Amino acid sequence: MLYWLVGQFHVPYLKSQRGEELMMKRMIIIVFVAALIFFDHLGHAADEATLESNKKIVKEFYELAINKKDFEAASKYLGPRYIQHNQRAADGADGLKDFVRLLRTKFPDSHSEIKRIFADGDYVILHVHAIRGQGARGVAIVDIFRLQDSKIVEHWDVHEDILEKAANPNDMF
């Protein structure tokens, strides 16, 4: 009698019709498990592709809205409803439009550099160094965007001024 390892159980393999049936069942299980592994890998590849696409969308939006200060070009990345959680900005696309106008008029030389970008599901997180004017140390910003159907539909952010003398030797980025 021979034994085949299936999962954690040893199943006897007999040279008989019953043994052939068991062998066929084992083969079906093996093919099924292999298919699950293969399709699971495809699912992860699709998930990874979606994450990369979401990061690209947010990065392009950020460059257009914040650095180029071009609301019209950036607005193509917005969903039908744009929810703003920054307490200093009005809700909706019009609130973003006003903010971009403010950047363009009061801080025409401002620039924001994305230091890190992360994606998790429908969320994209940016770690940003924003400098409003020449010679300024700037501000460390974490922006969080939620996407739906490849469009930006929600935004949160937190800011921290970069101090001249920090309490520790670590930089913000």
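What follows is calculated from the coordinates using simple rules that are stated; it is not laboratory data. Computed from a predicted model, the values in this text were never measured in an experiment. In this analysis, Cβ positions are derived from the backbone assuming ideal geometry, glycine residues included, and neighbour counts consider all displayed protein chains.
Between the range 58-99 and the range 106-173, what is the C-alpha centre distance in whole Å?
Taking the Cα centre of each part, the range 58-99 and the range 106-173 sit 14 Å apart.
Starting from the Cα of LYS68, move 7 Å in the Cα-to-Cβ direction to define the label point; list residues of the range 87-101 whose amide nitrogen is under 17 Å from there.
Residues 97, 100-101 qualify, since their backbone N sits under 17 Å from the label point.
When ranked by the protection proxy of mean other Cβ atoms within 10 Å per residue, highest first, what sequence do the peptides 59-72, 158-171, 106-119 form?
Values: 59-72: 17.4, 158-171: 8.6, 106-119: 14.2.
Result, highest mean first: 59-72, 106-119, 158-171.
Could you tell me the calculated FRET efficiency between ILE83 and GLU48, based on Cβ-Cβ distance and R0 = 35 angstrom, to the nearest 0.05? Each step should come with its number before you reach the end.
Numbers: r = 27 Å, r/R0 = 0.76.
Computed FRET efficiency for ILE83 and GLU48: 0.85.
Multiply the residue gap between LYS25 and VAL142 by 0.36 nm, knock off their C-alpha separation, and tell me the result in nm, one decimal place.
My answer for the length gained is 36.7 nm.
Give me the distance in nm between label points sitting 7 Å out from Cα along the Cα-to-Cβ direction at LYS56 and ALA166, one decimal.
3.3
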